[in-house]
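Data first, discussion second: the structure below is written as structure tokens.
The values are calculated or read from the model by the stated rules, or taken from the named source; none is laboratory data. Please read all numbers here as calculations on a predicted model, not as lab measurements. Neighbour counts run over all protein chains shown; Cβ positions are idealised from the backbone, glycine included. We work out accessible area using only protein heavy atoms, side chains counted, and drop any ligands, DNA or RNA first. Shrake-Rupley method; radii C 1.70, N 1.55, O 1.52, S 1.80 Å.
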Amino acid sequence: MTSYKKNDKEFLENMVSQVRRDIVRMVHQVNSGHPGGSLGCAELLVALYFEIMEHNPSFDMDGKNEDLFFLSNGHISPVWYSVLARSGYFDVKDLATFRKINSRLQGHPATEEGLEGIRIASGSLGQGLSVAIGSALSKKMNKDDKTVFVLMGDGEQQEGQVWEAAIFAAHQKVDNLIAFIDANGRQIDGDVKDVMDLGELKGLEEKYKAFGWNVLTCTNGNDFDTLIPIIRQAKDLTGNQKPTMILMVTEMGNGVDYMMGTHKWHGVAPNDEQLELALVQNESTYSDY
Amino acid sequence: MKKYIFETKNDTRSGFGDGLTELGKTNPKVVALCADLIGSLKMGDFQKQFPERFYQVGIAEANMMGIAAGLTIGGWIPFTGTFANFSTGRVYDQIRQSIAYSGKNVKICASHAGITLGEDGATHQILEDIGMMQMLPHMTVINPCDYNQTKAATLAIADYQNPVYLRFGRPKVPVFMPTDTKFEIGKAITLQEGTDVTIFATGHLVWEAILAHEELLKEGISAEIINIHTIKPLDREAILKSVSKTKCAVSAEEHQIIGGLGSSIAQTLMINTPVPMEFVGVNDSFGESGTPAELMIKYGLTSVDIVKKAKTVLERKAKFATL
């Protein structure tokens, strides 16, 4: 039984509904961006920013004595931007500038324009785990007992640097680090198992265990009752000499029926009709930007 | 005219190592990372004296760059150490995205740069690193000339809030800069004043330029020698001031001619004061195995080559004047 310490589950569900609307409206508006993975990770980011993390939306780059989140698979920027805005990092009106000229909301997350909440640029895959490890080491040296979270894609596990980082994190006992893999089984060119097989969930679990990590599996990352207890369990594992990996099964495109069950909405925006169809399925709960 | 003499030879990488150890004592925010080359990078003293601020990352340079970027979040000043080849080309995308574009205060310290790495051959003799690194927005590129200047540069970059590429080398070379050298990032140093031709040199080629100055003087040619230790940001003012006097220039660097210091100087001159210019550098080829001295001769990187290019440019200047 999950206890939602800060807010009730209804609040989180309502927030996810609003975040989904933000995502599809943002990518529709500029006819570009990545709705599939963004929708799949909506529950995770809402859970982290509204339930799990101790963080300060007034934003300080150094983030001392705060839990920090890094997004390695930067292409799912719409979900992050929406959650950051809805958490108070910046005005939700800014979501309307996504991917437009002179915007702080770049196609992939960046620090260059000073967008609050972003601590490193990402987009070229495979780099976020290393950065998160550096940030976790920084916290240890600063005697800061907060946790560093990082999200990667499952297809991203094909990048060699990820495994350099995995070896290092175990060797250096980076135990204030919780990593997630968005295990939606899909990447641009098709299913991960067909493009470059990682052995699916079991394969990833075996790989990270062999690399010396704690590995937890979340069988449904789109369900708060499944997801939140697992993250809490991972939090309890911090300080035990090992980094922790949560393999999080999600449905790409979750919450928009026609985007689910396929890799086709990885990086394609809905047209006007499709947008309406998506919005009908997700109620406006905290008012659209 | 100043006289440059040297009593000892030392490697520039030792200047880095000794500077880093000093920083360990004076700056508690400095941390160091190395990718399995502690001895080669002369990072052993820092590691011994400040083990809590030293990370061995193994043979995983991409990961090292990402970790360094992450360490800046929380206020640390990471110095990464590996060969120049593995500090640039191998990890260019990591540097570009996680360090330069992200504006992270990482010091990328790169040894064994250029052809004087010697016997290991072309796989390790990177001659393209200055070009790659100076192309990156936000990146500062520094290539000091001897032990003292490298040590001074190492100290200076710790207090400079910017990503930096610090390039140095393997062989023992003359130590001729004063021990109390103060290092001003972006400020060129005039080593010899002259009136006929300006020689802009960086790194190991600065000593060769000093030798070239002496040879040219014997033939009655007055060369101005300028040490461009900071390739980016380039000291345009010093370059233009010197060339306004000498009306011709030679660049000298242990790097490809394409994309190096000479290219940047030529760009500056072309926009402001077009004058005849010649380039001493590696001419669009890879290196090979050999001793540093043999390689410098074979690839045209000695004082003899600088003298030749100076004479060529002076001939061109004379023709230019009659046009």
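List every residue pair whose Cβ atoms lie under 8 Å apart, where the two residues are 6 or more positions apart in sequence or sit on different chains, the first residue falls within the range A:127-154 and is small (Gly, Ala, Ser) and at pLDDT 95 or above, and the second residue, located anywhere, is assigned to a strand (DSSP E or B) and open to solvent by 10 Å² or more (accessible area, probe 1.4 Å).
These pairs meet every condition: A:Gly153/A:Gln187.
Pick from the range B:1-17 the residues that are open to solvent by 60 Å² or more (accessible area, probe 1.4 Å) and in contact (Cβ under 8 Å) with a residue 40 or more places away in the chain: which of them is farthest from the chain's Cα centre (by Cα)?
Of everything passing the filter in the range B:1-17, B:Met1 is farthest from the chain's Cα centre (by Cα).
For B:Ala110, which of the numbered conditions (1) touching a strand residue (DSSP E or B) at 6+ places or on another chain (Cβ under 6 Å); (2) open to solvent by 10 Å² or more (accessible area, probe 1.4 Å) fails to hold?
Among (1) touching a strand residue (DSSP E or B) at 6+ places or on another chain (Cβ under 6 Å); (2) open to solvent by 10 Å² or more (accessible area, probe 1.4 Å), B:Ala110 violates only (2).
Please find, within the range A:126-185, the residue that is nearest to the other protein chains (Cβ to nearest Cβ) out of those that are touching a Lys or Arg at 6+ places or on another chain (Cβ under 7 Å) and acidic (Asp, Glu).
Per the stated criteria, the residue is A:Asp144.
Each row is one residue, and each column tells you yes or no for (1) of a type in the set (Val, Ile, Thr); (2) open to solvent by less than 40 Å² (accessible area, probe 1.4 Å).
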position	(1), (2)
B:Cys145	no, yes
B:Thr181	yes, yes
B:Ala201	no, yes
B:His204	no, yes
B:Gly220	no, no
B:Ile225	yes, yes
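Picking from A:Ile118, A:Ile101, A:Ile76, which residue would you name as being modelled with pLDDT of 95 or more, under 15 Å from the mean Cα position of the chain (by Cα), assigned to a loop (DSSP other than H, G, I, E, B) and β-branched (Val, Ile, Thr)?
Being modelled with pLDDT of 95 or more, under 15 Å from the mean Cα position of the chain (by Cα), assigned to a loop (DSSP other than H, G, I, E, B) and β-branched (Val, Ile, Thr) holds for just one of A:Ile118, A:Ile101, A:Ile76, which is A:Ile118.
Conditions tested, residue by residue: (1) farther than 18 Å from A:Leu198 by Cβ; (2) acidic (Asp, Glu); (3) outside any helix (DSSP H, G or I); (4) open to solvent by less than 10 Å² (accessible area, probe 1.4 Å).
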site	(1), (2), (3), (4)
A:Lys143	yes, no, yes, no
A:Phe149	yes, no, yes, yes
A:Gln157	no, no, no, yes
A:Val162	no, no, no, yes
A:Ala165	no, no, no, yes
A:Lys173	yes, no, yes, no
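Taking A:Gly88 as the residue in question, decide whether it is farther than 24 Å from A:Ile181 by Cβ, open to solvent by 40 Å² or more (accessible area, probe 1.4 Å), within 14 Å of chain B (Cβ to nearest Cβ) and among the small types (Gly, Ala, Ser).
Criteria not met by A:Gly88.
When you go through (1) in contact (Cβ under 8 Å) with a residue 60 or more places away in the chain; (2) within 13 Å of chain B (Cβ to nearest Cβ); (3) out of contact with any strand residue (DSSP E or B) (no Cβ under 7 Å at 6 or more places or on another chain) one by one for A:Asp191, which number turns out not to apply?
(2)
Please enumerate the residues belonging to the range A:234-282 that are of a type in the set (A, V, I, L, M, F, W, C) and out of contact with any strand residue (DSSP E or B) (no Cβ under 6 Å at 6 or more places or on another chain).
A:Val256, A:Met259, A:Met260, A:Trp265, A:Val268, A:Ala269, A:Leu275, A:Leu277, A:Ala278, A:Leu279, A:Val280
Look through B:Arg53, B:Arg13, B:Arg96 and report the one residue that is in contact with a strand residue (DSSP E or B) (Cβ under 6 Å, 6 or more places away or on another chain) and within 9 Å of chain A (Cβ to nearest Cβ). Don't jump to the end; show me each part of the working.
Values: B:Arg13 fails: within 9 Å of chain A (Cβ to nearest Cβ); B:Arg96 fails: in contact with a strand residue (DSSP E or B) (Cβ under 6 Å, 6 or more places away or on another chain).
Exactly one of B:Arg53, B:Arg13, B:Arg96 is in contact with a strand residue (DSSP E or B) (Cβ under 6 Å, 6 or more places away or on another chain) and within 9 Å of chain A (Cβ to nearest Cβ), namely B:Arg53.
Given (1) open to solvent by 20 Å² or more (accessible area, probe 1.4 Å); (2) within 14 Å of another protein chain (Cβ to nearest Cβ); (3) assigned to a helix (DSSP H, G or I), identify the lone condition not met by B:Gly66.
Unmet condition: (1).
Out of all the residues in the range B:188-229, which are touching a residue at least 60 places away in the same chain (Cβ under 8 Å) and at positive phi?
B:Gly203
Take the residues in the range A:104-115 that are open to solvent by less than 30 Å² (accessible area, probe 1.4 Å) and facing another protein chain (nearest Cβ under 7 Å); name whichever of them is nearest to the chain's Cα centre (by Cα).
Checked the range A:104-115; the qualifying residue nearest to the chain's Cα centre (by Cα) is A:Ala110.
How about the range B:273-323: which of its residues are open to solvent by 60 Å² or more (accessible area, probe 1.4 Å), under 17 Å from B:Leu261 (Cα atoms) and touching a residue at least 40 places away in the same chain (Cβ under 8 Å)?
Of everything in the range B:273-323, just one residue is open to solvent by 60 Å² or more (accessible area, probe 1.4 Å), under 17 Å from B:Leu261 (Cα atoms) and touching a residue at least 40 places away in the same chain (Cβ under 8 Å), namely B:Lys309.
Just the residues that are hydroxyl-bearing (Ser, Thr, Tyr), touching a residue at least 40 places away in the same chain (Cβ under 8 Å) and open to solvent by less than 40 Å² (accessible area, probe 1.4 Å), please, taken from the range B:79-98.
Correct list: B:Thr80, B:Thr82, B:Ser87, B:Thr88.
Is it true that some residue in the range B:230-240 is without any contact (Cβ under 8 Å) to a residue 40 or more places away in the chain, within 18 Å of B:Leu216 (Cα to Cα) and surrounded by fewer than 23 Cβ atoms within 10 Å (Cβ to Cβ)?
Within the range B:230-240, not a single residue is without any contact (Cβ under 8 Å) to a residue 40 or more places away in the chain, within 18 Å of B:Leu216 (Cα to Cα) and surrounded by fewer than 23 Cβ atoms within 10 Å (Cβ to Cβ).
Taking only the range A:25-72 into account, find how many residues are crowded, with 24+ Cβ neighbours inside 10 Å, within 14 Å of chain B (Cβ to nearest Cβ) and polar (S, T, N, Q).
1
Kindly indicate which of B:Gln149, B:Gln134, B:Gln125 is closer than 26 Å to B:Ser285 by Cβ and within 12 Å of the chain's Cα centre (by Cα).
Sole residue among the options that is closer than 26 Å to B:Ser285 by Cβ and within 12 Å of the chain's Cα centre (by Cα): B:Gln134.
Across the range B:295-322, which residue is nearest to B:Glu119 (Cα to Cα) among those that are part of a helix (DSSP H, G or I) and in contact with a strand residue (DSSP E or B) (Cβ under 7 Å, 6 or more places away or on another chain)?
B:Asp305
When you look at B:Thr150, is it open to solvent by 10 Å² or more (accessible area, probe 1.4 Å), farther than 22 Å from A:Gln127 by Cβ and among the polar types (S, T, N, Q), yes or no?
Values: open to solvent by 10 Å² or more (accessible area, probe 1.4 Å): no; farther than 22 Å from A:Gln127 by Cβ: yes; among the polar types (S, T, N, Q): yes.
Taking the combined requirement at face value, the residue does not satisfy it.
Please determine, by comparing only the residues of the range B:229-268 that are part of a helix (DSSP H, G or I) and of a type in the set (Val, Ile, Thr), which one is farthest from the chain's Cα centre (by Cα).
Checked the range B:229-268; the qualifying residue farthest from the chain's Cα centre (by Cα) is B:Thr246.
What about B:Ile59, is it aliphatic (A, V, I, L, M) and open to solvent by 30 Å² or more (accessible area, probe 1.4 Å)?
Numbers: aliphatic (A, V, I, L, M): yes; open to solvent by 30 Å² or more (accessible area, probe 1.4 Å): yes.
Taking the combined requirement at face value, the residue satisfies it.
Any residue at all in the range A:246-257 that is touching a Pro at 6+ places or on another chain (Cβ under 8 Å) and either open to solvent by less than 60 Å² (accessible area, probe 1.4 Å) or in a loop (DSSP other than H, G, I, E, B) (or both)?
Yes, the range A:246-257 contains a residue that is touching a Pro at 6+ places or on another chain (Cβ under 8 Å) and either open to solvent by less than 60 Å² (accessible area, probe 1.4 Å) or in a loop (DSSP other than H, G, I, E, B) (or both).
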